[in-house]
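Here the structure is laid out as structure tokens; the discussion comes afterwards.
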Amino acid sequence: GLELSHCVGADPLGPAVPWRSGGPCKMKRVRTVFKPEQLERLEQEFLKQQYMVGTERVDLAATLHLTETQVKVWFQNRRIKWRKQSMEQKKAKLSQFGVIQPASADSTDVKDHEEDTVDVEL
């Protein structure tokens with residue numbers, strides 16, 4: 001669900017990690033864990049259309065017992081994953097035909113190690 005941690009200083013084990021600064025009470029957003037049935041339905045909808053907006057998003061959220069924001073963020077993250085997979089497939093095809101050289105094991109792209117997902121509630 002959408003649970004937030006306690007205020008900084010209220011936790012005897014240490015301060016909460018700020019997820020957004022800007023006030024005396026800094027909150028950390030807890031990652032949403034989707035049920036398998038919810039993920040299956042979200043994936044089905046994504047196959048139909050990569051962008052879910054307006055009443056469609058509201059209706060899907062209600063059907064899945066999620067917030068509209070959770071559905072919006074899931075679609076944002078899924079589009080990022082989809083684009084990344086598409087780019088990898090294109091690179092594989094190009095390297096197969098000798099257009100580009102496949103990346104060697106010791107050359108690493110810093111961007112590949114960054115977190116691509118967006119998990120922020122707006």
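The values are calculated or read from the model by the stated rules, or taken from the named source; none is laboratory data. Bear in mind that the values here come from a model prediction, so they are computed numbers and not experimental data. A quick note on method: Cβ atoms are made from the backbone with ideal geometry, for glycine too, and the neighbour counts reach across all protein chains shown. Note: accessible area is taken over every heavy atom of the protein model, side chains too, but ligands, DNA and RNA are not part of it. Shrake-Rupley method; radii C 1.70, N 1.55, O 1.52, S 1.80 Å.
Miscellaneous remarks
- Selection of trypsin sites (Lys or Arg not before Pro), the range 29-68, meeting DSSP coil and at most 12 other Cβ within 10 Å: Arg31
- Across all Cα pairs in the range 36-95, the calculated P(r) in 10 Å bins from zero up to the longest distance comes to 22, 48, 19, 10, 1 percent per bin.
- Neighbour-limited loop hits for chymotrypsin sites (Phe, Trp or Tyr not before Pro), the range 24-99 (at most 16 other Cβ within 10 Å; DSSP other than H, G, I, E, B): Phe34, Tyr51, Phe97
- Here the spin labels are modelled as points 7 Å beyond Cα on the Cα-Cβ line, and at Val33 and Phe97 they lie 4.6 nm apart.
- Electrostatic bookkeeping for Val99 treats Lys and Arg as +1 and Asp and Glu as -1; over the other residues with beta carbon under 13 Å from its beta carbon, the sum is +3.
- Counting heavy atoms of the protein chains alone, Val58 has an accessible area of about 70 Å² for a 1.4 Å probe.
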